[in-house]
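In what follows, a structure is listed as structure tokens, so that the remarks can point back to it.
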Amino acid sequence: MVKVNACIFISGQGSNLKNLILKSRDYSFPINIKLVVTNNRDAYGLFYAKKNAIPFVCIDTKKRQFENQILYHLKKHNISLICLAGYMKIISKKFLMKFGKNVINIHPSLLPKFKGLGTYKRILKNNEKKTGCTVHFVNEKLDAGKIVTQKSFYISKYDNENTLKNKTQKLEYKIFSEAIIKIYRKS
Ligand code: GRF
């Protein structure tokens with residue numbers, strides 16, 4: 001199988017990165033992870049890039065030309081898919097246009113509900129019955145592109161921010177890879 005070259009953008013823990021690296025070892029999984037990009041040189045997730053000998057770049061987003069710098073590395077590694085996995089920086093419309101290929105994001109809510117940060121707290125405060133996670137294409141608006149995959153579960157009265165996060169992330173590991181398979185499945 002010819003695989004697509006993918007780049008994962010992270011800012012923190014990188015548990016989704018870890019899971020995608022594992023999945024990508026399967027010969028029938030459509031992507032190879034060729035690059036990791038971060039805006040946080042202390043991101044724990046860089047450990048998984050290092051451990052698996054995946055090239056990574058730390059970008060200083062305070063520098064004016066930082067998006068061009070990222071584009072340079074994407075081109076160098078012939079990247080056709082960007083997966084945002086806890087990347088805490090908005091991608092500009094200009095960047096999306098210049099890249100011109102698929103960019104997807106994983107978000108810990110049932111979009112279009114609860115866009116943005118602090119999702120678990122807001123979900124609990126709002127007494128939601130269900131929650132879940134969503135993989136969507138990225139456009140210039142926050143958490144607003146076309147949905148690829150979404151999965152939900154019922155919230156229990158014993159749930160708190162921590163348990164919600166654990167349950168949601170477990171589901172994220174499933175749907176991120178399912179979404180990638182869906183995008184590249186030959187129809
Ligand atoms: C994920 O829960 C994702 O939904 C959100 O950021 C979190 C990143 O977690 N966008 P990790 O860095 O993959 O562990």
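Quick notes
- Between C83, H107, A6, the Cα set farthest toward the positive side of the dipole of the range 1-144 (charges on each charged residue's Cβ, about the Cα centre) is that of H107.
- From helices alone, the chain scores -10500 deg cm²/dmol at 222 nm; the rule is -39500 (n - 2.57) for each run of n ≥ 4 DSSP H residues, then divide by the residue total.
- Applying 0.36 nm per residue to the separation of N166 and R122 and subtracting their alpha-carbon distance, the gain on full extension is 14.2 nm.
- Length-normalised contact order of the range 102-187 in % [C-alpha pairs under 8 Å, at least 6 apart]: 30 percent
- For V148, nonlocal amide neighbours, meaning residues 5 or more places apart or on other chains whose placed amide H falls under 5 Å from its own, are V135, H136, F137.
- In nm, spacing of pseudo-spin labels at Y72 and K51 (7 Å Cα→C-beta vector): 3.1 nm
- Placed amide H near L84: partners under 5 Å, 5+ positions off or other chain: F9, I104, N105, I106
- DSSP-assigned coil residues among trypsin sites (Lys or Arg not before Pro) in the range 38-78, each with at most 16 further Cβ atoms within 10 Å: R41, K62, K63, R64
- Applying the Karplus relation 6.51 cos²θ - 1.76 cosθ + 1.60 with θ = phi - 60° to the range 142-152 yields 3J(HN,Hα) values of 5, 6, 10, x, 4, 6, 9, 8, 8, 9, 10 Hz, where x marks Gly and Pro.
- The portion of the accessible surface of the chain made up by carbon and sulfur, rounded to a whole percent, is 52 (1.4 Å probe; DNA, RNA and ligands excluded).
- This model, with +1 at the C-beta of Lys and Arg and -1 at the C-beta of Asp and Glu, gives the range 109-160 a dipole about its Cα centre of some 180 debye.
- Sequence-separation-based contact order of the chain, relative, with Cα cut under 8 Å and 6+ spacing, percent: 20 percent
- Computed over the range 68-150, relative contact order equals 27 percent, with contacts defined as Cα pairs under 8 Å that lie 6+ residues apart.
- Charging the Cβ of each Asp and Glu at -1 and of each Lys and Arg at +1, and nothing else, the dipole of the chain about its Cα centre rounds to 200 debye.
The values are calculated or read from the model by the stated rules, or taken from the named source; none is laboratory data. In this text the structure is predicted, and so the values were computed from the model without any measurement. Cβ coordinates were reconstructed from backbone atoms using ideal geometry, including for glycine residues, and neighbour counts include every protein chain displayed. Remember, those area values only see protein heavy atoms, side chains included, never the ligands or the DNA or RNA. Shrake-Rupley method; radii C 1.70, N 1.55, O 1.52, S 1.80 Å.
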